[in-house]
Structure formats: C-alpha cells, structure tokens
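Notes to accompany the following structure.
Each value in this text was obtained by applying a stated rule to the coordinates, not by laboratory testing. Not measured: the values here are computed from a predicted model. Heads up, the Cβs are rebuilt from the backbone with ideal geometry, glycines too, and the neighbour counts pull from every protein chain shown.
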Amino acid sequence: KGEDRNNIIAGLCQSIASRISSMYKRAGGKPKVILTGGVAKNIGLLKALEKILDTPIATHELSSFTGAIGACLIGMQN
C-alpha cells in the first residue's frame, strides 16, 4: 500500500525483462533483437530489456500486427 503506481509498473517491466533475458540467453543470445507484437509498444519494457541485454532492440511501427499478418500468410498457404 502507498507505493507509487509508476514504481509498480517499472517493477513489472523489470521483472518481465529479466525473464525474457533468461530465455534469450538460453536460446544462444543472438546480437540482433527484434521485439514484435503489441508488447513492442510498451516503452517501459523495451527500455528495461535494452538495459538488461545491453543491446538496442528494433521494433516496427506496425509491430502489433505481426501475429495477424503471420496468420494471414499461413492461411494463404493452406
């Protein structure tokens, strides 16, 4: 109780970034990182992840549509 909302949100972003970092390192940690999906619009998570991984992370202005685009492409193949 009484904790600032921004501190809570920053803590959540830090926690999520830490979990992603662990998975990234187990997967071999390639030098180029691209964040897609709606989460790419979360600036707090993006900055926390860049800090933990010590690398810039690329996004795209239409990143929130990547799942839908992928589903369309798969649908076109079937």
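Search the structure for amide H atoms under 5 Å from the amide H of Val33, placed 1.01 Å from N in the peptide plane, and list their residues when 5 or more places away or on another chain.
Ala58
Taking the Cα centre as origin and putting +1 on Lys and Arg beta-carbons and -1 on Asp and Glu beta-carbons, what dipole magnitude results for segment 5-77, to the nearest 20 debye?
220
What relative contact order, as a whole-number percentage, does the chain give when Cα pairs under 8 Å and 6 or more residues apart are counted?
Relative contact order here is 32 percent.
In deg cm²/dmol, rounded to 500, what helix-only [θ] at 222 nm does the chain give when every DSSP H run of at least 4 residues adds -39500 (n - 2.57) and the total is split over its residues?
So the calculated ellipticity at 222 nm is -19000 deg cm²/dmol.
Gap in Å between the Cα centre of segment 59-78 and the Cα centre of segment 11-28?
If you average the Cα positions of each part, the centres end up 24 Å apart.
Along the charge dipole of the chain, Cβ charges K/R +1 and D/E -1, which of Gly11, Leu62, Val39 sits furthest on the positive end?
Gly11
Under 26 Å Cα to Cα from Lys41, which lysines show up? Leave out anything in the same chain fewer than 8 places away.
Cα-Cα hits under 26 Å: Lys25, Lys30, Lys32, Lys51.
Give me a comma-separated list of calculated 3J(HN,Hα) values for segment 4-16, in order, Karplus coefficients 6.51, -1.76, 1.60 applied at θ = phi - 60°, integers in Hz, x for any Gly or Pro.
5, 4, 5, 5, 5, 5, 4, x, 4, 4, 4, 5, 5
May I ask for the longest run of the chain untouched by trypsin sites (Lys or Arg not before Pro) that are loop-located per DSSP and have at most 16 neighbouring C-beta atoms (other than their own) within 10 Å?
Here the longest segment lacking exposed loop sites spans 33-78.
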